[in-house]
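Trainee: Questions regarding the structure given below will be posed in turn.
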Amino acid sequence: MMELLYDYSGDFDPSFDHSKLSKEGLVDLLHTYSDYIRRLDGHWYLSVMNRCGNDTAFACDTEVWERLVLYELKIARDLLNIRGDDAVAVAKVFQASPWFWMYRCGIDLKSRDHLIITYTSCPTLFALEREGAGRERQICVDLEMKIFMKMAHFYNPKMKVTALKLPPRSGPDDICCRWEFKIEENK
Amino acid sequence: MTKFLPDYSGPFEPDFSHEKLSREALLKILKGNSNYLRRLDATWYVTIMKKCGNDLAFECDTEIWEKFINYELDTVCETLNIHGNDVATLIKAMQATPWMWVHNRTFELKDKNRAVITYRDCQTLLHLEKEGTERWDTICHALERRLFELTAEYFNPKIKVTALKLPPRARGSDICCQWEFKLEE
């Protein structure tokens, strides 16, 4: 049986790939690469913003994420077999997202048709607050709403998304944002 | 004994985390994330190119990756405990990059100070070939070379990078590009 590696501190292995790593090694990599994804996305935004202004950067960001979120949902469906047409599927997708490690997020599944998500720590919002340009009004309010709507409708076109609490925060102890996903039959 | 999940098709678990998944499931996600990264990067490029032209998109791409490559190498080396200043160390880091599942590459370590990397399958080049605008001049010839040079410099400024084979590919060729890394004392 192949001995699994926790890391790659040993000799060069011509056939090395991630499949040679132990479960603990894979979990650590996933954790690290979660931040990698976030940073790469942030670098693209800032690079465009510095050259063409925030309006162009935000228009690109919106277009990129309206497409990419569908791919993310497809990964969740195909790789993790997350299926369904209720709020449970959405809750599971949040938990399994490639970004999930970067956020502290409470998932309160009230019923199979009603979900509340509360972000208590969000590196994106913290960076926007430090920047002080008020961009959280676009990123967290406009774009996040569009993305969450896409997620909800991927599973069920009747699912409604409501922002219960949005930035700006009242202070460092305040939550970052809170969202409700709800299916209201026959309304 | 704890039973790990092959996927997340079962009931909602309030305290779900990736640790609950089996090793095989984690590996599938890592592969998925590799492709996710490629799409994220490419979608940004193409979106800017359509809105503002290829010159600006390439300028952004270069600026980002010139900065980001060091972060990537820090991340890979720290997480996987890869240390050293020879070509063998550099190759180990390249094998373990988050992008590893996107390409089909072979690594030939001639000795600890000389290696040849051959890309036999590259999604980016396949896309560029379909697009037909010869953007490999910038992406593969200029940016890739620059990134490999920065990667070499990260481990040892004396490591030299030489492109042995670059696009466009001859019809029927199974090599996208080929690079040599050599430490010259």
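Trainee: For the subset of the range A:111-164 comprising residues that are β-branched (Val, Ile, Thr) and touching a Lys or Arg at 6+ places or on another chain (Cβ under 9 Å), which member is modelled with the lowest pLDDT?
Mentor: The extreme case among them is A:Thr124.
Trainee: Hey, another quick one. Scan the range A:150-165 and report the pairs whose first residue is farther than 11 Å from A:Ile117 by Cα and whose second residue is of a type in the set (D, E, K, R), with Cβ atoms within less than 6 Å and a gap of 6+ or a chain change.
Mentor: A:Tyr155/A:Asp85; A:Asn156/A:Asp85; A:Lys160/A:Lys182
Trainee: Among the residues of the range A:85-97, is there at least one that is farther than 30 Å from B:Leu109 by Cβ and surrounded by fewer than 17 Cβ atoms within 10 Å (Cβ to Cβ)?
Mentor: Yes.
Trainee: Listed residues B:Lys3, B:Lys67; which is basic (Lys, Arg), modelled with pLDDT under 95 and part of a loop (DSSP other than H, G, I, E, B)?
Mentor: After applying the criteria, what remains is B:Lys3.
Trainee: Within the range A:106-145, track down each residue that is closer than 18 Å to A:Gly42 by Cα, of a type in the set (D, E, K, R) and surrounded by 15 or more Cβ atoms within 10 Å (Cβ to Cβ).
Mentor: The answer is A:Glu129, A:Arg135, A:Glu136, A:Glu144.
Trainee: Could you look through the range A:28-79, keep only residues that are touching a helix residue (DSSP H, G or I) at 6+ places or on another chain (Cβ under 8 Å) and of a type in the set (Gly, Ala, Ser), and pick out the one that is nearest to A:Tyr103 (Cα to Cα)?
Mentor: Here the residue is A:Ser34.
Trainee: I would also like to ask the following. Taking B:Gly84 as meeting all but one of (1) assigned to a helix (DSSP H, G or I); (2) touching a residue at least 24 places away in the same chain (Cβ under 8 Å), write down the number of the exception.
Mentor: Only one criterion in (1) assigned to a helix (DSSP H, G or I); (2) touching a residue at least 24 places away in the same chain (Cβ under 8 Å) is unmet by B:Gly84, namely (1).
Trainee: Would it be correct to say that A:Leu30 is more than 13 Å from the chain's Cα centre (by Cα), within 18 Å of B:Lys31 (Cα to Cα) and either modelled with pLDDT of 95 or more or surrounded by 15 or more Cβ atoms within 10 Å (Cβ to Cβ) (or both)?
Mentor: yes
Trainee: Something else about it: Please determine, by comparing only the residues of the range B:15-60 that are in contact with a helix residue (DSSP H, G or I) (Cβ under 7 Å, 6 or more places away or on another chain) and β-branched (Val, Ile, Thr), which one is nearest to A:Tyr6 (Cα to Cα).
Mentor: Here the answer is B:Ile29.
Let's see how each residue does on (1) farther than 21 Å from A:Val88 by Cβ; (2) at pLDDT below 90; (3) aliphatic (A, V, I, L, M); (4) more than 20 Å from the chain's Cα centre (by Cα):
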site	(1), (2), (3), (4)
B:Asp7	no, no, no, yes
B:Gly10	no, no, no, yes
B:Asp15	no, yes, no, yes
B:Tyr36	yes, no, no, no
B:Leu40	yes, no, yes, no
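Trainee: Mind telling me which of the residues A:Ala91, A:Ala57 ends up being at the interface with chain B (Cβ under 8 Å from one of its Cβ atoms) and in contact (Cβ under 8 Å) with a residue 12 or more places away in the chain?
Mentor: So the residue among A:Ala91, A:Ala57 that is at the interface with chain B (Cβ under 8 Å from one of its Cβ atoms) and in contact (Cβ under 8 Å) with a residue 12 or more places away in the chain is A:Ala91.
Trainee: While we're here: Would you mind finding the one in B:Ala152, B:Ala170, B:Ala142 that is surrounded by fewer than 16 Cβ atoms within 10 Å (Cβ to Cβ), under 17 Å from the mean Cα position of the chain (by Cα) and over 25 Å from B:Lys31 (Cα atoms)?
Mentor: B:Ala142
Trainee: Tell me, please, whether a residue that is within 14 Å of chain A (Cβ to nearest Cβ) and in a loop (DSSP other than H, G, I, E, B) can be found in the range B:153-166.
Mentor: No, the range B:153-166 contains no residue that is within 14 Å of chain A (Cβ to nearest Cβ) and in a loop (DSSP other than H, G, I, E, B).
Trainee: What single numbered condition from (1) within 19 Å of B:Thr62 (Cα to Cα); (2) within 7 Å of chain B (Cβ to nearest Cβ); (3) acidic (Asp, Glu) fails to hold for A:Glu63?
Mentor: (1)
Trainee: Sort out which residues of the range B:104-117 are touching a residue at least 40 places away in the same chain (Cβ under 8 Å) and assigned to a strand (DSSP E or B), and write them in order of number.
Mentor: Scanning the range B:104-117 gives B:Arg114, B:Ala115, B:Val116, B:Ile117.
Trainee: Within the range B:14-43, work out how many residues are farther than 22 Å from B:Val102 by Cβ, of a type in the set (D, E, K, R) and within 8 Å of another protein chain (Cβ to nearest Cβ).
Mentor: 1
Trainee: Would you confirm whether any residue within the range A:152-160 is in a strand (DSSP E or B) and charged (D, E, K, R)?
Mentor: yes
Trainee: So which residues in the range A:1-27 are within 23 Å of A:Trp99 (Cα to Cα) and either crowded, with 18+ Cβ neighbours inside 10 Å or at the interface with chain B (Cβ under 8 Å from one of its Cβ atoms) (or both), if there are any at all?
Mentor: Matches in the range A:1-27: A:Asp7, A:Asp17, A:His18, A:Ser19, A:Leu21, A:Ser22, A:Lys23, A:Gly25, A:Leu26, A:Val27.
Trainee: Assess whether A:Leu73 counts as being within 19 Å of B:Gly32 (Cα to Cα), buried (at least 17 other Cβ atoms within 10 Å of the Cβ) and facing another protein chain (nearest Cβ under 9 Å).
Mentor: It is false that A:Leu73 is within 19 Å of B:Gly32 (Cα to Cα), buried (at least 17 other Cβ atoms within 10 Å of the Cβ) and facing another protein chain (nearest Cβ under 9 Å).
Trainee: Would it be correct to say that A:Ile82 is touching a residue at least 60 places away in the same chain (Cβ under 8 Å), at the interface with chain B (Cβ under 7 Å from one of its Cβ atoms) and touching a helix residue (DSSP H, G or I) at 6+ places or on another chain (Cβ under 8 Å)?
Mentor: Against the criterion (touching a residue at least 60 places away in the same chain (Cβ under 8 Å), at the interface with chain B (Cβ under 7 Å from one of its Cβ atoms) and touching a helix residue (DSSP H, G or I) at 6+ places or on another chain (Cβ under 8 Å)), A:Ile82 does not qualify.
The values are calculated or read from the model by the stated rules, or taken from the named source; none is laboratory data. Model, not experiment: these values are computed from the prediction. We place every Cβ from the backbone using ideal geometry, glycine too, and count neighbours over all the protein chains shown.
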